[in-house]
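The values are calculated or read from the model by the stated rules, or taken from the named source; none is laboratory data. On a predicted model such as this, the values are computed, not experimentally measured, just so you know. Cβ coordinates were reconstructed from backbone atoms using ideal geometry, including for glycine residues, and neighbour counts include every protein chain displayed.
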Amino acid sequence: MFYHGESSPDVGASVMAASPTKKSARRRCATTRSAQLRAGGIRLNCYLNCDGVGVGHLGGPQGHGTIVRLPVGCDTLEEVLIKTQQQLSLDSRMLYASELWKVDGTPIQTYKQLAQAAEEDAPVVVGCGEPFDGTRVPQDLLEFSREGGGRQGQQRVHKTLRERRTAALKEKAERVRVSGHGVNSEAVTIARTINIEQNREHVNEMRHKYMESLLIRAAQQESLMSSVKSNSEIHRMEAQESKARLEESRQIRMQELAAQRRLAKEEFSQKRQEALDNAKAQAAKVRSTTGGGKRSPSQRRAKSARPPRAAQPPAWVS
């Protein structure tokens, strides 16, 4: 606390005396590994060749492709293909990334070409063993790549389109002025009449083409019906012939079975007759050896006078 009449010390001088004459160096944040990877990595916009460029496909790249970020340590095409395989989830679709192309079909064979394509922000087409399909590449992306790619390529293409559109409008305006519009009132009527006639001719031509297409379609339908009828008739005849062949083979088989049964019956009858003849011969032979086979009255009486045999008790009774 300072009283009245006392002089206050110089606060600024004391602060300057306490502070050093040289400014202390400020510590800056060191660059991290993740920041280096983000700054030096490559960013690719990849499309599958089998899905098309800019074409949505269920289960594959949607919308405008898949962004593949390559770290600094990835400096060969083999590592790039492995990263692309992982980012596009090609394992789930049983696909294997083996080639890289630009949208114009130029193959990317070195890492330098890949880095250049990434700098141009050009789409990269990923192939899985199949040839490059240029029909699936939109014309706008193809024109952008031909003009250098990236924002500059888009600007050049748009500028060219604007110039062409302006030139077409100027040419149309010149034709209108030459035809007399705005100067001669009859030119408008003549132009309208010419336009109506041209439209009428165009309608007649379209109607003629439509009628021709109807006639061609009717002829195609007629030829189709005739071919179907002829095929049906051929199939029916083939079925009848097959049925007749089966019936003939069945009749032949039945006749063969009947002949076999008849032969078997004749053989059985013959064997039976032979057996009867052999039995009669044996009986005649026995009768001839026993004297005709007749017993004398004394033999018959002796047999009848024999006492009957007593019944033998079974062995277990004793």
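Checked against the criterion of being under 30 Å from residue 176 (Cα atoms) and either of a type in the set (Gly, Ala, Ser) or part of a helix (DSSP H, G or I) (or both), region 224-240 has no qualifying residue.
The lone criterion from (1) of a type outside the set (A, V, I, L, M, F, W, C); (2) surrounded by 13 or more Cβ atoms within 10 Å (Cβ to Cβ); (3) at pLDDT below 80 left unmet by residue 143 is number (3). Just one of (1) at pLDDT 85 or above; (2) aliphatic (A, V, I, L, M); (3) farther than 18 Å from residue 130 by Cα fails for residue 72. It is (1).
Looking at 87, 113, 109, just one residue is loosely packed, with under 13 Cβ neighbours inside 10 Å, in contact with a strand residue (DSSP E or B) (Cβ under 9 Å, 6 or more places away or on another chain) and on the phi < 0 side of the Ramachandran plot, and that residue is 109.
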